[in-house]
Ligand SMILES: [Zn+2]
């Protein structure tokens, strides 16, 4: 259970499953519910909820960093390798076009 604040000043209890949606307040306003991550963060800031162990959190950030790095490297690798892959292929195609079978037999 999380508490979100309505502009009217009331606190509305919301379930984790409602994250990302909206909740009607008693004042008649429809209050948007932040995502689960934001709910957890704000709850943690308020000290109202037990946070997951920092080690686990750090690992997730670490993996995200590694993944970004790998993705970046892969993109760079593709950018470097792609012309090398395309060029020989086009070279072969051009060579095949130049060597005309008819000219070969005519000689
Ligand atoms: Zn309200």
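Could you work out the Kirkwood radius for region 2-46, taking every pair of different alpha carbons, averaging 1/r and inverting it, reported in Å?
Details: mean 1/r = 0.0956 Å⁻¹.
Averaging 1/r across every pair of different Cα atoms and inverting gives 10.5 Å.
Any idea what the relative contact order of region 2-46 is, in percent, if you count C-alpha pairs under 8 Å spaced at least 6 apart? Each step should come with its number before you reach the end.
Numbers: 53 pairs, mean separation 14.4, N = 45.
This gives 32 percent for region 2-46.
One decimal place: the segment residue 61-residue 30 gains 7.8 nm when fully extended, by the rule 0.36 nm per residue minus the C-alpha distance.
Every number in this text was worked out from the coordinates using simple rules, so none of it is lab data. Computed from a predicted model, the values in this text were never measured in an experiment.
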